[in-house]
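One structure is given below, encoded as structure tokens.
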Amino acid sequence: MENLSTIERILAAKQSLPGALLPILHDIQDALGYIPPDAVPSIAGALNLSRAEVHGVITYYHYFRQTPPGRHVVRVCRAEACQSVGCEALATHVQSALACEFHATSADGDVTLEAVYCLGHCAVGPNIQIDETTLHARMTPEKFDRLLAELRSKP
Amino acid sequence: MSATFYIPCDSTALALGADAVARSIVAESAQRQLDVTIVRNGSRGLFWLEPMIEVATPGGRIAYGPVAATDIPSLLDAGLLTGGAHALCLGPVEDIPYLKRQQRISLRRVGVTDPLSVEDYLAHGGTLGLRRALDMTAAEIVKEVTDSGLRGRGGAAFPTGIKWNTVLNASAPQKYIVCNADEGDSGTFSDRMLMEGDPFQLIEGMAIAALAVGATQGYIYVRSEYPYAIAALNAAVVKATQNGWLGDSLLGTGKRFHLEVRKAAGAYVCGEETALLESLEGRRGIVRAKPPLPAISGLFGQPTVINNVITFASVPDILAHGAAAYQSFGNGRSRGTLPFQLTGNIKQGGLVEVPFGLTLRELLYDFGGGSLSGRPLRAVQVGGPLGAYMPESQFDTVLDYEAFAAVNAVLGHGGIVAFDDTVDMLKQARYAMEFCAIESCGKCTPCRIGSTRGVEVIDRLKAGRPGQIELLRDLCDTLQNGSLCAMGSMTPYPVLSALNHFPEDFSRRQT
């Protein structure tokens with residue numbers, strides 16, 4: 001119910017923008033952490049689109065998620081500049097430290113692990129991003145373990 | 001005692017701990033009862049020295065770096081406020097050779113000013129271009145840009161003035177200016193640095209474009225991976241509107257231009273201009289067939305100028321100082337400067353804005369200082385995930401669009417990713433195909449299916465199955481000639497260059 005009122009509020013604010021669908025999806029994900037399936041009919045109705053069209057857009061873009069993420073989202077850059085300084089070894093370590101694969105959430109619900117193809121800090125890789133705005137350069141397995149322990153020690 | 005410090009707010013500097021450095025300076029100077037002003041500037045782009053702080057002295061700004069928060073007490077003990085000597089002191093910032101040897105035009109204010117300070121912007125030549133443009137006719141502005149020789153900095157290097165002229169001559173009730181800030185190439189960050197470090201310049205460039213073609217609405221489409229750039233642009237749009245650089249009456253002339261920042265959603269192919277327009281319109285970022293060109297039928301079917309961040313950011317300078325000044329830099333048909341980005345396994349990674357005409361080797365060794373690992377550089381990928389891998393024998397190639405095309409390589413957006421001799425080029429070729437398979441929009445068959453078949457062929461080649469190299473070349477030929485856009489047609493660049501220049505990484509699997 002609470003979700004639905006949030007969605008209605010966002011639709012009212014944004015539906016008249018030209019090309020409103022992406023701004024609406026971003027606002028919903030920013031507010032709720034994901035785009036719930038029951039949002040789709042409301043969005044479709046407000047924008048005069050079919051539910052299939054809205055679903056098609058949500059699933060096309062890597063950034064949008066349809067299920068709630070873990071308490072934190074960790075994005076590991078796996079693009080060429082980070083590859084050249086060992087991001088694949090880091091990626092392997094991160095998966096085993098979290099005991100989960102990419103595009104999945106650790107069993108305790110603490111961390112959702114995502115791959116990202118470039119964070120734009122390519123002179124100081126390997127790079128990771130925690131949640132939306134915390135960045136860490138020159139990442140190593142040891143530094144990652146410390147960061148993970150910090151994340152998990154916070155309530 | 002008082003002093004002004006500059007501590008970058010650039011997100012790479014933040015990733016290296018710039019905020020902790022700022023907090024430490026505030027805490028330590030409070031304890032010592034020092035009167036300290038902190039300006040959060042953009043980054044100078046000397047990333048191996050970040051966090052790099054600067055202190056204003058009568059003799060200019062003195063730099064220190066790389067500074068950790070724990071260095072602050074010893075720096076203050078050494079007389080940081082007056083530019084005192086310390087192991088981390090780099091001397092006057094403008095004299096650092098890496099910076100001194102550059103010709104900063106599009107990033108001239110980045111790292112110098114507070115990105116969101118209107119006063120700083122004006123004090124460093126901001127709005128001169130816009131003011132001059134407001135005194136010119138649309139055709140005169142287009143001619144100035146055409147005469148400068150400016151070509152699109154996103155990668156395709158199409159002459160900007162010709163694109164603008166097409167939009168100017170199109171008649172339509174509404175025209176648009178769209179900035180492609182979907183800087184998805186690995187090994188690039190010049191757009192990000194500009195948006196975070198000098199957003200007003202991009203806004204000014206887009207406003208000039210609007211005057212040049214008669215557009216009244218603009219959009220900046222920024223990738224979701226750049227939260228700090230999005231925040232800086234949104235704040236800058238508000239301030240620019242308050243100051244009459246955007247809005248219903250540009251600097252009181254009655255000419256109208258509105259600008260909105262739109263956040264992308266993580267699809268690499270949306271860096272392709274027609275896919276970007278689809279995305280802006282609220283659809284899946286699927287590539288459109290051309291023609292019609294966006295200049296004729298672009299956003300919402302209207303004539304649209306769509307250019308890269310650095311292209312727009314080059315325009316205020318061209319208007320302020322004239323086409324001839326810009327045109328005087330460069331090499332052959334590549335005029336002006338390009339901000340190169342030195343990245344990957346490189347000792348001194350960062351941003352190097354220089355006129356076209358240096359060699360790749362000069363960038364890699366004179367600026368970059370060779371590999372970070374200390375091992376020999378073996379391969380360098382220039383121009384992003386769709387650019388060729390270049391071997392040591394091509395390091396003397398001159399950095400201009402034509403010289404690169406002559407060796408089947410591309411400059412693209414100026415990203416340079418260095419690899420040392422531990423690189424496995426078969427793996428890199430496989431990654432190029434895999435990336436194309438992940439990011440293909442799916443509209444055309446060669447790209448959608450060919451990339452997946454490419455991964456499979458390379459896997460079979462790795463397993464030792466004979467005849468796969470011929471298959472791979474055949475597949476690349478199909479991708480190159482049959483794809484709708486650069487995603488499919490340029491994926492063969494990294495694949496074939498790896499195969500042609502590093503055959504030993506492929507052939508040992510065949511025996």
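General remarks:
- Among B:Phe329, B:Phe395, sorting on how many other beta-carbon atoms sit within 10 Å of each Cβ, with the fewest leading, yields B:Phe395, B:Phe329.
- With distances taken between every two different alpha-carbon atoms, the stretch B:330-420 has a Kirkwood hydrodynamic radius of 12.6 Å.
- Dipole-positive endmost among B:Val309, B:Val407, B:Phe200 within the protein assembly as shown (Cβ charges, Cα centre): B:Val407
- For the stretch B:28-67 and the stretch A:52-81, distance of Cα centres in Å: 38
- Mean separation of Cα contacts under 8 Å (6+ apart) over length of the stretch A:1-129, as relative contact order %: 21
- Least to most buried among B:Thr274, B:Thr37 (fewest other Cβ within 10 Å first): B:Thr37, B:Thr274
- Residues of the stretch B:274-299 with amide N under 16 Å of the 7 Å Cα→Cβ point at B:Ala156: B:274-280, B:286-299
- Assigned charges on the beta-carbon of Lys, Arg, Asp, Glu; the stretch B:353-511 dipole about Cα centre (debye): 720
- Kirkwood Rh and Cα Rg combined as Rg/Rh, the stretch B:2-100: 0.92
- Contact order relative to length of chain B, as percent, for alpha carbon pairs under 8 angstrom and 6 or more apart: 14
- The dipole here belongs to the stretch B:2-100: it is taken about the Cα centre, uses +1 on the Cβ of Lys and Arg and -1 on the Cβ of Asp and Glu, and is about 80 debye.
- Axial C-alpha extent at least 24 Å, average Kyte-Doolittle at least -1.0 - helices from chain B (DSSP): B:445-462
- Looking at chain B, the pairs of alpha carbons with a distance over 42 Å make up 20% of the total.
- Anisotropy class of the stretch A:1-69 from Cα gyration tensor, a/c 1.5 cut: rounded
- Per-selection Kirkwood Rh - the protein assembly as shown (Cα, Å, 1 d.p.): 25.6
- The Cα atoms of the stretch B:380-487 define a convex hull whose projected area, averaged across directions, is 7.3 nm².
- Kirkwood-Stokes translational diffusion coefficient of the stretch A:72-153, alpha-carbon pairs, 20 °C, 1.002 mPa s, µm²/s: 174
- Descending semi-axes in whole angstrom, ellipsoid equivalent of the stretch B:118-327, from the Cα gyration tensor: 23, 20, 16
- For the stretch A:34-105, alpha-carbon Rg over 2.2 N^0.38 Å: 1.49
- Put simply, the Cα atoms of the stretch B:91-138 extend 45, 22, 12 Å along their principal axes, the longest span coming first.
- A compact globular protein would have a Cα radius of gyration near 2.2 N^0.38 Å; the ratio found for chain A is 1.18.
- Farthest toward positive dipole pole in the protein assembly as shown [+1 Lys/Arg, -1 Asp/Glu at C-beta], among B:Cys476, B:Ser393, A:Ile28: B:Cys476
- Two-decimal Rg to Rh for the stretch B:425-507 - Kirkwood Rh, Cα set: 0.94
- Applying the Kirkwood pairwise sum to the alpha-carbon positions of the stretch B:223-330 produces a hydrodynamic radius of 16.1 angstrom.
- Normalising the average separation of contacting C-alpha pairs (under 8 angstrom, six or more residues apart) by the number of residues puts the relative contact order of the stretch B:118-327 at 32 percent.
- Cα centroid separation, the stretch A:111-144 to the stretch B:145-216 (Å): 30
- Scattering profile of the stretch B:100-179 at q = 0.13, 0.15, 0.19 Å⁻¹ [log10 I(q)/I(0), Debye over alpha-carbon scatterers]: -0.58, -0.76, -1.09
- Dipole check for the protein assembly as shown: with +1 at the C-beta of Lys and Arg, -1 at the C-beta of Asp and Glu, and the Cα centre as origin, the magnitude is about 920 Debye.
Rule-based calculations on the coordinates, nothing more; no lab input. Small disclaimer: the values here were computed from a predicted structure and weren't measured. Glycine also receives a Cβ, built like all others from the backbone with ideal geometry; neighbour counts cover every protein chain displayed.
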